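See below for the structure under consideration.
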Amino acid sequence: MSISVTQRLAALRESIPPVSVAEAARRVEAGAWLIDIREADEIAQGTPTAARALGRGFLEMRLESEGVAADDTLLLLCASGSRSLLAAEQLRGLGYTDVHSVDGGFDAWKDAGLAFVTPTLLDGADRARYARQLTLPEVGEAGQTKLRDARVLIVGAGGLGSPAALYLAAAGVGHLAIVDHDVVDRSNLHRQILHRDASVGQPKVRSALATLTALNPSIEVEPIQARVGSDNAAELVAGHDLVVDGSDNFAARYAINDACVAARIALVYGAVERFAGQVGVFPAGGRPCYRCLFASAPPAGSAPTCAEAGVLGVVPGLVGTLQALEAIKQIIGMPQTLSARVLTLDVRSQRWRSLEVPADPCCASCGERA
């Protein structure tokens with residue numbers, strides 16, 4: 001014989017006693033997880049300050065991506081306390097041992113005068129544009145909002161910066177600053193996919209601005225026509241959350257690295273030579289940083305340029321795309337990144353290796369006596 005929803009909820013209140021909003025607030029201060037499982041339009045009206053707004057859909061996978069352990073204390077909050085009871089029952093069935101519903105939900109939380117915030121969420125146009133990545137539990141509304149609010153500096157609008165910029169713009173990074181001093185040459189076009197034949201002779205940053213705003217008019221693109229060096233690197237990285245280094249010379253690489261270490265900004269590094277490439281992430285503040293990997297630049301003339309050694313256009317395409325991927329993972333807070341590691345690839349043999357980069361205590365930029 002079937003029972004009504006009211007009867008089922010009453011039974012759940014007996015088997016999984018809800019906690020009051022005051023008790024929930026106390027447990028959150030002691031380290032419990034407060035999970036808001038309401039829909040996005042409800043969360044837009046406000047959510048407890050300490051809550052993780054994960055929604056009900058894909059909740060189980062989102063808990064895993066957030067790093068929630070099976071024996072952690074979970075407090076589920078909906079509008080009034082009914083949906084959270086049903087969700088608590090399902091999570092207990094999956095092995096979460098300390099799950100409770102917050103009695104009265106967000107309505108009771110507000111009525112009790114407890115702290116909450118009104119988040120700025122996505123509009124309908126954004127939800128349509130980013131629908132496929134919003135579906136990913138690792139991204140969701142919260143991750144997409146982080147992308148929208150992020151400020152990323154891309155150094156170089158060439159072979160690496162082109163694919164990185166295109167994918168970051170397409171993903172919805174809200175502010176992209178692109179710095180490059182050069183103009184578009186026809187020999188660039190086989191690999192620098194930001195530019196078109198009609199752009200030959202134009203500043204690369206202006207060509208990049210036109211391409212990226214055509215791709216995603218909802219983001220802000222800041223073109224900076226300048227040569228990067230030790231005299232302006234600190235000013236360039238200031239105010240950004242992340243830097244993607246697609247530079248093609250050692251002076252710029254070391255200057256950007258040192259500025260990122262000083263400003264405690266994470267750096268996504270990339271480099272290519274012929275059929276080989278490298279991608280790595282150096283965490284905010286270094287330890288390790290680029291100088292831990294390469295303490296100093298090689299002698300002038302010992303490392304050939306693309307013009308001298310040649311490059312297959314798809315190789316910087318791969319590396320720049322991987323840089324964009326790592327930047328997105330850093331912004332949305334995914335736990336597994338290339339932080340303190342370098343991925344090397346040889347496309348002739350399709351050999352890919354991931355190497356840990358140890359921090360150098362004597363590093364001139366991030367070492368103990370830097």
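The values are calculated or read from the model by the stated rules, or taken from the named source; none is laboratory data. Since we're looking at a predicted model, the values are computed, not measured. Glycine also receives a Cβ, built like all others from the backbone with ideal geometry; neighbour counts cover every protein chain displayed.
Of the conditions (1) of a type in the set (Val, Ile, Thr); (2) in a helix (DSSP H, G or I); (3) touching a helix residue (DSSP H, G or I) at 6+ places or on another chain (Cβ under 8 Å), Val272 clears all except one; give me its number.
(2)
Restricting the first residue to segment 269-282 and requiring it to be in the same structural domain as Thr344 (by TED's automatic domain parsing) and under 8 Å from Val311 (Cα atoms), which pairs with a second residue that is of a type in the set (Lys, Arg) and surrounded by fewer than 24 Cβ atoms within 10 Å (Cβ to Cβ) meet a Cβ separation below 6 Å and a spacing of at least six or different chains?
Phe275/Arg348
Under 6 Å between Cβ atoms, at least 6 apart or on separate chains: pull out the pairs that start in segment 325-345 with a residue that is small (Gly, Ala, Ser) and end on any residue that is not in a helix (DSSP H, G or I).
These pairs meet every condition: Ala327/Leu242; Ala327/Val244; Ala327/Val268; Ser339/Val281; Ser339/Pro283; Ala340/Pro288; Ala340/Val357.
Can you name the helices (runs of 4 or more DSSP H) wholly within segment 1-110 that have at least 1 residues being at pLDDT 90 or above, under 30 Å from Ala131 (Cα atoms) and touching a Gly at 6+ places or on another chain (Cβ under 9 Å)?
83-93
To keep it simple, each residue is scored yes or no on (1) modelled with pLDDT of 95 or more; (2) surrounded by fewer than 18 Cβ atoms within 10 Å (Cβ to Cβ).
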site	(1), (2)
Asp149	no, yes
Gly156	yes, no
His175	yes, yes
Val179	yes, no
Val200	yes, yes
Leu212	yes, no
Val221	yes, no
Asn232	yes, yes
Gly239	no, yes
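Go through segment 330-367 and give me each residue that's surrounded by 19 or more Cβ atoms within 10 Å (Cβ to Cβ) and in contact with a Ser or Thr (Cβ under 9 Å, 6 or more places away or on another chain).
Answer for segment 330-367, where residues must be surrounded by 19 or more Cβ atoms within 10 Å (Cβ to Cβ) and in contact with a Ser or Thr (Cβ under 9 Å, 6 or more places away or on another chain): Gln330, Leu338, Val342.
Inspect segment 187-196 for any residue being within 27 Å of Arg369 (Cα to Cα) and not hydrophobic (A, V, I, L, M, F, W, C) and give the result as yes or no. Walk me through how you get there before you give the answer.
Step one: list which residues in segment 187-196 are within 27 Å of Arg369 (Cα to Cα), which gives none.
For segment 187-196, residues within 27 Å of Arg369 (Cα to Cα) and not hydrophobic (A, V, I, L, M, F, W, C): absent.
Inside segment 316-370, can you point out the residues that are under 27 Å from Ala169 (Cα atoms), β-branched (Val, Ile, Thr) and in contact with a Gly (Cβ under 7 Å, 6 or more places away or on another chain)?
Val319, Ile332, Val342
Of the numbered conditions (1) surrounded by 17 or more Cβ atoms within 10 Å (Cβ to Cβ); (2) more than 13 Å from Ser84 (Cβ to Cβ), Glu42 satisfies every one except a single condition; which is it?
It fails just one condition, (2).
Kindly indicate whether Ala70 is touching a Ser or Thr at 6+ places or on another chain (Cβ under 7 Å) and more than 21 Å from Val117 (Cα to Cα).
Numbers: touching a Ser or Thr at 6+ places or on another chain (Cβ under 7 Å): yes; more than 21 Å from Val117 (Cα to Cα): yes.
Yes; evaluated as a whole, the condition is true for this residue.
Taking into account only those residues within segment 115-137 that are touching a residue at least 60 places away in the same chain (Cβ under 8 Å) and surrounded by 15 or more Cβ atoms within 10 Å (Cβ to Cβ), which is nearest to the chain's Cα centre (by Cα)?
Pro137
Determine which single condition Thr97 fails, assuming it passes every other condition in (1) out of contact with any Pro (no Cβ under 8 Å at 6 or more places or on another chain); (2) under 30 Å from Gly313 (Cα atoms).
With respect to (1) out of contact with any Pro (no Cβ under 8 Å at 6 or more places or on another chain); (2) under 30 Å from Gly313 (Cα atoms), Thr97 is out only on (2).
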